[in-house]
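Only one structure is covered here, and it is reproduced in the block below.
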Amino acid sequence: MVVLQPMNPQQRSMSEITITKNYFPKNKDNYDFYSSGDFVEILKTNAMTKDGLDVIAKYFDLVEAWNAIEKEEDFNIKDYYELLLMVKKSKQDKIWMSFYEGLHRHAALMMCLLCSKFDLVTNEVNYGSLTEEYFKKKLSIKDFKMPGIAPIDRLNDIFIDETTKAPMLTTLVSVKAFVPKTRLNEINVGDLDSLLQASRTYSENISVSKRSSADKSLTIFLADTLDTIDKLNKMKERNDVKHRPVLDQTFARQKDNISLRCHNDDMKAHGYDDHKCYQYSDKLNGEKWNKYTMDALNPAVRDEFLKTLSSKSIDGDKVRPPFGLHLQNFTEDYPAETQQNKKLKYLDAAHMNAFLLIPPIATILNAKLQNKPLRNMVNDDKNAKLISYMCRYQFRTKAVTTNKVHPVLMYYKANAEFKTTFFINNLSGNDRCVPVTIFLVSMYNACMLFQDDKTTNLLIPTLQRFDMIGKLSDESFIETMSENL
């Protein structure tokens, strides 16, 4: 039995039970031992082989005791445990190590090789204590089935039977170590500072690498979000030209060139109610829309709003976005009165796709631009207003599709700058989420229109492949997309 000592970082007041470990050993005579070539070579020895165990026994002057133990003909995990115990009990164990990275992995590896369960009560590591029953009763693993082989036998199979593969245990890995070459009293202050700085930098680089590999990039996050939305309906039905919504709702076309003076006069005449003033779609006004703009990544909130976008298709079935787009959506589906009344615009499949997509895309971009966790974007009023602006005034709401900024933006965003000739790709700072969102949604709809097979929108794998470009930062992606719309 081996009793583990608590080595956690000192985040509490120092006390008698606190255990600390120096960066360098206190015994100066051991430096000759650590800097010897034999010690460096023993660090490279693979102890998970019969020959490796013999080398270790010889190094620690335990050959006689080691040969006296009855052992299996081939390598066995029990042999590894027996030799480890002999080394730890002997007076020859002078090895001193200070971990600054990888201590938790070292501990986990030791527990695995000893086939020990982790006892949180006694803090003990017991050889062979990990059993099938422990997995079934203590860990409560859902749908766990007894494998019919004990963990210790499985471990032996990994190192003896080559048909059992476990790369995490058998693949040789590189370990970086600082091995002192001089005595402590011969180390200059500058050398010590240099070593500490090098080890700290190395540790920081590992931490950054871990975080980077764990965090999703902006493009991957967007791709995953679009992929989730892409699966909200029967994907194969998008290829059916009859599986498209009937156009039965209109909204007012927005003028392309509105002066600031005219905007202010119109808003004043309508009691500063922009819905009455500009008559945007009723889908974008109400409790379900407001909740969706406030919590766009919440599936329950999204599904409630999605109900408002459900409608009958040409063939009579009930359909909901995201829709596959067909030329008929923009030609024969439009009733005759829209050709006569240029002030009306019908709510079509492309609009409904946008109403579903813009809130989550804008929320993700806004969180990234503001360097906020996504959870902090819930009930963010500024983000919600910007989403409403894009859907009500910016995406396919005009007689002629242009990207000029509507003066109502100042009503939705405090301190917004407006000029009559101002385009959305002129927006800067955090407001760049507007052109990037509009661009991404436009590309999504373009894929839905021009793809022969509309089952999977090709914007999704495209965004996933952006992550293969090592030097493309999230900032570069946003800046490029916002300027080139």
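All conditions in (1) buried (at least 17 other Cβ atoms within 10 Å of the Cβ); (2) modelled with pLDDT of 85 or more; (3) small (Gly, Ala, Ser) hold for ALA300, with the sole exception of (1).
The set of residues in the range 49-63 being outside any helix (DSSP H, G or I) and surrounded by 15 or more Cβ atoms within 10 Å (Cβ to Cβ) consists of PHE60, LEU62.
Pairs linking a residue in the range 231-259 that is surrounded by 15 or more Cβ atoms within 10 Å (Cβ to Cβ) to a residue that is part of a helix (DSSP H, G or I) and hydroxyl-bearing (Ser, Thr, Tyr), with Cβ atoms under 6 Å and 6 or more positions apart or on different chains, are GLN254/TYR393.
The one condition from (1) on the phi < 0 side of the Ramachandran plot; (2) touching a Ser or Thr at 6+ places or on another chain (Cβ under 8 Å); (3) at pLDDT 85 or above that CYS115 does not meet is (1). Across the range 268-286, a minimum of one residue is classified as among the charged types (D, E, K, R), within 23 Å of ALA354 (Cβ to Cβ) and within 38 Å of the chain's Cα centre (by Cα). A Cβ distance below 7 Å, combined with a sequence gap of six or more or placement on separate chains, defines the contacts here; from the range 73-84, residues that are farther than 14 Å from ILE158 by Cβ reach residues that are of a type in the set (Phe, Trp, Tyr) and part of a helix (DSSP H, G or I) in the pairs LEU83/TRP66. Note on the range 232-278: residues that are in a helix (DSSP H, G or I) and either small (Gly, Ala, Ser) or farther than 29 Å from PHE450 by Cβ (or both) total 15.
Within the range 62-70, the presence of a residue that is modelled with pLDDT of 85 or more and under 20 Å from ARG154 (Cα atoms) is excluded.
Give the range 279-288 a look and list any residue that's at negative phi and either in contact (Cβ under 8 Å) with a residue 40 or more places away in the chain or outside any helix (DSSP H, G or I) (or both), or say none.
Residues of the range 279-288 that are at negative phi, as a first pass: 280-285, 287-288.
Once the filter is applied, which keeps residues that are at negative phi and either in contact (Cβ under 8 Å) with a residue 40 or more places away in the chain or outside any helix (DSSP H, G or I) (or both), the range 279-288 yields TYR280, SER281, LYS283, LEU284, ASN285.
Looking only at the range 294-333, filter to residues that are assigned to a loop (DSSP other than H, G, I, E, B) and among the small types (Gly, Ala, Ser); which one of those is farthest from SER281 (Cα to Cα)? In this case the residue turns out to be GLY316. Taking (1) under 30 Å from SER473 (Cβ atoms); (2) exposed (fewer than 15 other Cβ atoms within 10 Å of the Cβ) in turn, ILE364 satisfies each apart from (2). PRO180: in contact with a helix residue (DSSP H, G or I) (Cβ under 6 Å, 6 or more places away or on another chain), modelled with pLDDT under 80 and in a loop (DSSP other than H, G, I, E, B), yes or no? So PRO180 passes the test.
Any chance the range 138-151 includes a residue that's modelled with pLDDT of 80 or more, under 30 Å from PHE477 (Cα atoms), of a type in the set (Gly, Ala, Ser) and surrounded by 13 or more Cβ atoms within 10 Å (Cβ to Cβ)? Among the residues of the range 138-151, not one is modelled with pLDDT of 80 or more, under 30 Å from PHE477 (Cα atoms), of a type in the set (Gly, Ala, Ser) and surrounded by 13 or more Cβ atoms within 10 Å (Cβ to Cβ), which makes the answer no.
Among the candidates LEU109, LEU120, LEU155, single out the residue that is in a helix (DSSP H, G or I), surrounded by fewer than 16 Cβ atoms within 10 Å (Cβ to Cβ) and either among the hydrophobic types (A, V, I, L, M, F, W, C) or at pLDDT 80 or above (or both). Exactly one of LEU109, LEU120, LEU155 is in a helix (DSSP H, G or I), surrounded by fewer than 16 Cβ atoms within 10 Å (Cβ to Cβ) and either among the hydrophobic types (A, V, I, L, M, F, W, C) or at pLDDT 80 or above (or both), namely LEU109.
Annotation: of all residues in the range 422-450 being out of contact with any helix residue (DSSP H, G or I) (no Cβ under 8 Å at 6 or more places or on another chain) and not in a helix (DSSP H, G or I), the one that is farthest from GLN394 (Cα to Cα) is SER428.
The values are calculated or read from the model by the stated rules, or taken from the named source; none is laboratory data. Given the structure is predicted, the values throughout are model-derived calculations rather than measurements. Glycine also receives a Cβ, built like all others from the backbone with ideal geometry; neighbour counts cover every protein chain displayed.
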